[in-house]
Amino acid sequence: MTSQTDSARVHADRDPNRVLIFDTTLRDGEQSPGATMTLEEKIQIAMLLDEMGVDIIEAGFPIASQGDFEAVTEISRRMQNAVTCGLARASKGDIERAWGALQHAKRPRIHTFIGTSPLHREHQLSMSKEQVLDKIRETITFARSLCDNVQWSPMDATRTEADYLVETVALAVECGATTINIPDTVGYTAPRESAQLIAMLREKVPGLKDCVIATHCHNDLGMATANALAAVEAGARQIECTINGLGERAGNTALEEVVMAMKVRRDILPYSTEVDTTKIMKASRLVSTVSGFNVQYNKAIVGKNAFAHESGIHQDGMLKNAETFEIMRPEDVGLTESNLVMGKHSGRAAFRDKLAQMGFDLGDNAFQEAFVRFKALADAKKEIYDDDIVALLEDQQTSATHSRMRLVSLGMVCGTEGPAVATLTMEIDGETHHHETTGNGPVDATFRAVKALVPHTARLKLYQVHAVTDGTDAQAEVSVRLEEDGKIVTGHAADADTLVASGRAYINALNRLMVRREKSAPPVQAAE
Ligand code: KIV
Ligand code: ZN
């Protein structure tokens, strides 16, 4: 059992305008089809979130799989400042499992939830209003007997009858929940309604004044950020969000958006967070690499074009005064100002300096490997830009964490005459294997060769190539998404050779599929 300090800290001694940032990239974010992450990747993300000042990290759903249990356990051990949170349905078994995984946390939190809307009660749970109330009473009381920091969520709150929602929230508060989270599970609400809901609950449930009210918005109608901020204006003091807005369906509120909105528009949103915004780009890149979800170019704050100025008028204004067309400084989100070109004459010190400017702090071994890769790239490509370095590091990270098999070499004969012929050498579990095969074009031949060496039944759902920079010598960044028995995995790779990148991305996806298969996942049922 932890001390009272944690739950007290979240409301008693805080600045009333301080908004807690609850990151659920590793739980709600990882639930996005295809965004599976390995244990090492989850730990890496959690460590960065902790370092950047996120208050609460929802590390997983321990009952969902052994992998989730281990992730919450390992993250709990490592968090220095952040509260580690584990999700549990409204069942004692779930709560015990979450608590088991949180044992090593300096500051644990159990997050338990149950559907409260008519649709969820009738169709998902087959429970009456009274039965749901009984479950709330039983499970929150039980969770509080284990942990003094308990968050409760009425799932689909925004489609729950107002008077019933009041009843459930009042009961949860009475049973000892310290944070009450109001989820817009299906991304249905709109800003004014989001604010009204929080205001109504504060008025009708007086006990809420001793709890933190949280907002958890999905982005189905593109309003998640606006809805979260509206909830804060009405009194919510915890925003649940994810890096890059990752999450179920259209995703969750994006951490970078709410944090920067409160920073840039302090005049009208006078709220503060502890997030070190200069780490935002680093977190965005890491999550994008690990999840295999590219960030759309025009994504607010972290998109490639978020600080790019193309039109003549804009460029002219920017040269005269950056504030003409920029409402925040690129360095505030961790973008280095210059896109200083590097090349094959750049030495170790310059490369280390460049990495530091870009917010990457690599250990000695990782730095050495990155430097070797940088030199190899500089031999193949005259000018190396920031984006090349990001792609290179992402590629290094991806190969490091999924190494059961790797591409050793790929030869290709292709062109206008006859079918393409791929000659592939792979290392699989430490052994070298070769295969030569034909295909309908070089990518098809490459993928057929991989499949001959690693037979599988996964179906290719996506093959995507994009050039990291301009120019015909640009690195190709390839994403491959595979599906097997409803499990979706995505692999990524970057290389100056598009076919090598394609083969490596495919192999990377297969490596992830192995990890996915190894995860024993008992089915997650509706709350019992
Ligand atoms: O969207 C949702 O309702 C959730 C709950 C588990 C909080 O993710
Ligand atoms: Zn959610």
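The values are calculated or read from the model by the stated rules, or taken from the named source; none is laboratory data. Everything numeric here is computed off the predicted structure, so don't read it as measured data. Virtual Cβ from ideal backbone geometry, glycine too; neighbours counted across all protein chains shown.
Going residue by residue through the range 127-137, is there one that turns out to be within 16 Å of ligand 2 (Cβ to nearest atom), over 21 Å from G67 (Cβ atoms) and touching a strand residue (DSSP E or B) at 6+ places or on another chain (Cβ under 8 Å)? No, there is no match, as no residue in the range 127-137 is within 16 Å of ligand 2 (Cβ to nearest atom), over 21 Å from G67 (Cβ atoms) and touching a strand residue (DSSP E or B) at 6+ places or on another chain (Cβ under 8 Å). In the range 315-331, is there at least one residue being modelled with pLDDT of 90 or more and under 30 Å from V83 (Cβ atoms)? Looking through the range 315-331, at least one residue is modelled with pLDDT of 90 or more and under 30 Å from V83 (Cβ atoms). Against the list (1) assigned to a strand (DSSP E or B); (2) touching a helix residue (DSSP H, G or I) at 6+ places or on another chain (Cβ under 9 Å), the condition I389 fails is (1).
Okay, residues lined up against (1) surrounded by fewer than 21 Cβ atoms within 10 Å (Cβ to Cβ); (2) of a type in the set (K, R):
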position	(1), (2)
N81	yes, no
A88	no, no
L102	no, no
A105	no, no
E122	yes, no
S128	yes, no
R144	yes, yes
D148	yes, no
W152	no, no
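Restricting attention to the range 38-50, does a residue exist that is surrounded by 22 or more Cβ atoms within 10 Å (Cβ to Cβ), within 13 Å of ligand 1 (Cβ to nearest atom) and in contact (Cβ under 8 Å) with a residue 12 or more places away in the chain? For the range 38-50, residues surrounded by 22 or more Cβ atoms within 10 Å (Cβ to Cβ), within 13 Å of ligand 1 (Cβ to nearest atom) and in contact (Cβ under 8 Å) with a residue 12 or more places away in the chain: absent.
Every residue in the range 48-72 that is part of a helix (DSSP H, G or I), farther than 30 Å from S272 by Cα and modelled with pLDDT of 95 or more, please. Within the range 48-72, F69, E70 meet the criteria. When restricted to residues that are touching a residue at least 40 places away in the same chain (Cβ under 8 Å) and either basic (K, R) or closer than 20 Å to E431 by Cα (or both), the range 366-399 contains 3. When the range 487-513 is limited to residues that are part of a helix (DSSP H, G or I) and among the charged types (D, E, K, R), the one that is nearest to L392 (Cα to Cα) turns out to be R504. Applying the set (1) farther than 21 Å from N244 by Cα; (2) in a loop (DSSP other than H, G, I, E, B); (3) in contact (Cβ under 8 Å) with a residue 40 or more places away in the chain to Q124 leaves exactly one unmet item: (2). Could you say whether any residue in the range 406-415 is part of a helix (DSSP H, G or I), without any contact (Cβ under 8 Å) to a residue 24 or more places away in the chain and either more than 25 Å from E331 (Cβ to Cβ) or polar (S, T, N, Q) (or both)? Looking for residues that are part of a helix (DSSP H, G or I), without any contact (Cβ under 8 Å) to a residue 24 or more places away in the chain and either more than 25 Å from E331 (Cβ to Cβ) or polar (S, T, N, Q) (or both), one finds none in the range 406-415, hence no.
Would you check which residues across the range 457-497 are modelled with pLDDT of 85 or more, over 30 Å from A308 (Cα atoms) and surrounded by 14 or more Cβ atoms within 10 Å (Cβ to Cβ) and list them? Matches in the range 457-497: A458, K461, L482, E483, E484.
Quick check, is S145 of a type outside the set (V, I, T) and in contact (Cβ under 8 Å) with a residue 60 or more places away in the chain?
Details: of a type outside the set (V, I, T): yes; in contact (Cβ under 8 Å) with a residue 60 or more places away in the chain: no.
Taking the combined requirement at face value, the residue does not satisfy it.
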